[in-house]
1. So what is the relative contact order for the chain, in percent, with contacts set as C-alpha pairs under 8 Å and at least six apart?
2. Can you tell me which of 45-53, 146-154 comes out highest on packing, and rank the rest after it, using the mean Cβ neighbours within 10 Å?
3. What full-extension length gain, to one decimal in nm, is calculated for residue 118 and residue 15 as 0.36 nm per residue of separation minus the Cα-Cα distance?
4. Please list, ordered by chain and number, the residues whose modelled amide H lies under 5 Å from the amide H of residue 58; skip anything fewer than 5 residues away on the same chain.
5. Using only alpha-carbon positions, what ratio does the radius of gyration of the stretch 59-99 give when scaled by 2.2 N^0.38 Å?
6. Choose one of 12, 145, 39: the residue whose Cα lies farthest towards the positive end of the charge dipole of the chain (beta-carbon charges +1 Lys, Arg; -1 Asp, Glu; about the Cα centre).
7. Among 96, 129, 64, whose mean-square fluctuation peaks in a Gaussian network model of the chain (Cα, cutoff 10 Å)?
8. Can you tell me the 0 to 90 degree angle between the C-alpha axis of helix 59-72 and the longest principal axis of the chain, rounded to 10?
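Nothing in this text is a laboratory measurement; each read-out follows from the coordinates by a stated rule. Computed from a prediction, not measured in an experiment: that's the story for all the values here. Because the Cβ atoms are built from the backbone with ideal geometry, glycine has one as well, and the counts that use them run over all protein chains shown.
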Amino acid sequence: MKKQKSYTVDEATKVLEHFCAYQERCHKEVEQKLYDLQMIPEAKEKIILHLLQHNFLNEERFAKAFVRGKFSIKKWGKIKIVNELKFKNISSYNIKTALKEINEEEYFSTLQKIAKKKMSLIREPNAFKKKNKLVTFLISKGYESELIYKIVNTLI
């Protein structure tokens, strides 16, 4: 069995500075990393405080980057984004602030594009079943049902 390397507080701080500099992180991810490094609670607190003071760790910045990324790259809807942020223990205030990163017109037009693209891929002769498959897909992407029905009803 491989013995895990033990870290001093300074070494662990450097590891986590790199971890946070590479990509935006939330507190939960940092705490998991500290747990993986087997740091004691006092060391964890000291390191997290250091990361916060030196702006390596910023929950609001993380939430905004997360929202922009998941919407523009993965084309997720707000519901799915909010659920993921809640899972990462992001505060309601930061979630609300981060959602402002999404332009409403862009949000609606992205949903339309996804719906049209998926519509062309669904090989279902029955219009009702086709509509149902499309709605189910869009809900799984995390879009709001009232927007989905507004768009789906114009397509089918």
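1. On the way: 125 pairs, mean separation 33.8, N = 156.
Averaging sequence separation for qualifying contacts and normalising by length gives 22 percent for the chain.
2. Ranked by mean Cβ neighbours within 10 Å, highest first: 45-53, 146-154.
3. Working: separation 103, 0.36 × 103 = 37.08 nm, distance 4.29 nm.
Difference between extended and current length: 32.8 nm.
4. Placed amide hydrogens put 25 under 5 Å from residue 58.
5. Working it through for the stretch 59-99, the quotient is 0.98.
6. Result: 145.
7. Highest fluctuation among the options: 129.
8. That works out to roughly 30 degrees.
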